[in-house]
Amino acid sequence: MAALRYAGLDDTDSEDELPPGWEQRTTKDGWVYYANHSEEKTQWEHPKTGKRKRISGDLPYGWEQETDENGQVFFVDHINKRTTYLDPRLAFTVDDSPAKPSIRQKYDGSTTAMEILQGRDLSGRVVVVTGANSGIGFETAKSFALHGAHVILACRNPARASEAVARILGEWHKAKVDAMTLDLAQLCSVRRFAEEFKAKHVSLHVLVCNAAVFALPWGLTKDGLETTFQVNHLGHFYLVQLLQDVLCRSAPARVVVVSSESHRFTDINDSSGQLDLGLLSPAQGDYWAMLAYNRSKLCNILFSNELHRRLAPRGVTCNAVHPGNMMYSAIHRGWWLYTLLFTLARPFTKSMQQGAATTVYCAAAPELEGLGGMYFNNCCRCTPSSQAQSEPTARALWALSERLVQEALSGQAS
């Protein structure tokens, strides 16, 4: 190939953007080269930067590399049933300069869950995602399933869960995906789910505590607790307690707890600094839906941090995540004002795939192996509120959660 340097290039928005008439291609052994169609020449160096690059990583799950009758490399995407001459790994290249090589890979608020898993084969991994029949949970489950993991959708509504499974199988018929019933508003349902999961005699490498409710009117569950607190925190707490032995046997394993930036706008301690059950599970006259949601999200981070401290020595790590600002999902449909707000703001919101990215990052990123007790937003670690970092409050919440579970179950037994 001719070593041609192209002069007088048009300005572009990115130094890596190719000028008109140029095309980026790859060789069978992973080197990137550039074709100048106007001059019918090719070169190894990028026409703007002069850098040489090579492909980084394996092909994504479901892709294969082939060669046509002219010796040109092309790629088969079995999941979407299409072929292309564009290597799907071109977004993940390595600068081959003699200086310090670096992987050009950046995750931020616009990154999707599928991009996080680019090039990963998760065959043999078992993933449980709660609330996976729609929204962020569905995109999280789908992303793992399309990359080879055995994914279990843990959902309250069996019919909707079955529909979600069918949608995933419609995208990749070889995906290994199942649905199981889990109603976090009923501790007996949580227990049944755990028993049925253990009866499968499989490992558990990733548990995503994603399910949540938002802006519900005041109400008590069958266990006698305010619904938002039980669904968003206590049900997940009990689920992890029941599955922690499976997680430890499967180590290294990860738990990801989906929280929210709204955790910053509340408190769960009383005036003396002690944990206040009346704030966590308030009476009807003291209830405000938004505060109940915020407090449950604060509980999520406290629980995540304490879980990490307890299980990290046994190979199980835990991180909490915020999926993204201004995101509309089915969780908001219970309040007409939020439905209106997010409908108006939809052009500026994240997609569900982007919303699932931080969850998937914390569940699968190799650089986070063995690391936990952190809070992530837009795939970056950030500092939660001061109360969310309080170890005494986290320990008190753990002890209170254990007591509430025991009291509810003993009351049912009697």
Can you list residues from other chains, or at least 5 along the same chain, whose modelled amide H is less than 5 Å from the amide H of LYS176?
VAL151
Cross-link reach list, lysines versus LYS174, counting only Cα pairs under 26 Å and skipping chain neighbours closer than eight places:
LYS81, LYS142, LYS198, LYS200
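What does the highest-first list of 297-304, 168-175, 180-187 look like by mean Cβ count within 10 Å?
Numbers: 297-304: 27.4, 168-175: 15.4, 180-187: 21.1.
Per-residue mean Cβ counts within 10 Å order the peptides as 297-304, 180-187, 168-175.
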Please list 3J(HN,Hα) in residue order for the range 204-214, calculated via the Karplus relation 6.51 cos²θ - 1.76 cosθ + 1.60 where θ = phi - 60°; whole Hz, with x for glycine and proline.
9, 8, 9, 10, 9, 8, 9, 4, 7, 10, 9
Amide H within-cut-off set for VAL213, under 5 Å, with H built and near neighbours excluded:
ASN232
TYR33 long-range amide H proximity, modeled H, under 5 Å:
ARG25, THR26, THR27
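Could you order peptides 148-157, 362-371, 209-218 by the average number of other Cβ atoms within 10 Å of their residues, highest first?
So the peptides 148-157, 362-371, 209-218, ranked by packing, come out 148-157, 209-218, 362-371.
With all protein chains present and a 1.4 Å probe, how do TYR107, TYR85 order by accessible area, largest first?
Details: TYR107 45, TYR85 110 Å².
Ranked list, largest accessible area first: TYR85, TYR107.
The values are calculated or read from the model by the stated rules, or taken from the named source; none is laboratory data. On a predicted model such as this, the values are computed, not experimentally measured, just so you know. Cβ coordinates were reconstructed from backbone atoms using ideal geometry, including for glycine residues, and neighbour counts include every protein chain displayed. Heads up: the accessible areas ignore ligands, DNA and RNA and are worked out on the full protein's heavy atoms, side chains in. Shrake-Rupley method; radii C 1.70, N 1.55, O 1.52, S 1.80 Å.
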